């Protein structure tokens with residue numbers, strides 16, 4: 001078996017060589033980012049009643065990250081840099097959502113003790 005570190009850079013099985021990070025127009029990142037943002041906001045809005053500060057900041061950050069995704073799509077030239085930035089912003093939306101839900105839930109659980 002060959003060492004995976006010795007694969008050529010154009011190997012189609014490498015994760016970083018997937019079309020969404022190589023040749024995409026960025027539309028897929030906008031669509032998935034919009035869906036992820038909508039899901040995160042739909043989860044955080046009811047949590048405003050539990051902890052308005054954390055849930056509100058989480059919603060605000062998700063909106064800003066999605067706006068950043070849109071700005072990256074239309075302001076950064078086509079290529080890997082734009083797609084990598086858009087993928088990073090998408091991951092940021094997910095991470096902010098998870099952290100906000102975790103923090104609100106943890107604080108709420110602690111208050112029940």
Checklist line | Of the criteria (1) farther than 15 Å from residue 40 by Cβ; (2) surrounded by 12 or more Cβ atoms within 10 Å (Cβ to Cβ), which one residue 112 fails | finding: (2)
Item checked: Qualifying residues in region 67-85 (those that are touching a helix residue (DSSP H, G or I) at 6+ places or on another chain (Cβ under 6 Å) and at pLDDT 95 or above) - the one nearest to residue 57 (Cα to Cα) -> 68
Next item on the list: Keeping to region 32-59, report how many residues are surrounded by fewer than 19 Cβ atoms within 10 Å (Cβ to Cβ), more than 14 Å from the chain's Cα centre (by Cα) and assigned to a helix (DSSP H, G or I).
Entry: 8
Check: Is it the case that region 89-104 has a residue that's surrounded by fewer than 15 Cβ atoms within 10 Å (Cβ to Cβ), in contact with a helix residue (DSSP H, G or I) (Cβ under 6 Å, 6 or more places away or on another chain) and either in contact (Cβ under 8 Å) with a residue 40 or more places away in the chain or part of a helix (DSSP H, G or I) (or both)?
Finding: no
Note to self: I'm trying to understand the selection: among the residues of region 72-83, which are assigned to a helix (DSSP H, G or I) and either farther than 17 Å from residue 28 by Cβ or under 13 Å from the mean Cα position of the chain (by Cα) (or both)?
What the structure shows: 75, 83
Check: If residue 45 satisfies every condition in (1) at pLDDT 95 or above; (2) closer than 22 Å to residue 86 by Cβ but one, which is the exception?
Finding: (2)
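The values are calculated or read from the model by the stated rules, or taken from the named source; none is laboratory data. Keep in mind that this is a model prediction, so the values were computed, not measured. For neighbour counting, all protein chains shown are included, and Cβ atoms are generated from backbone atoms with ideal geometry for every residue, glycine included.
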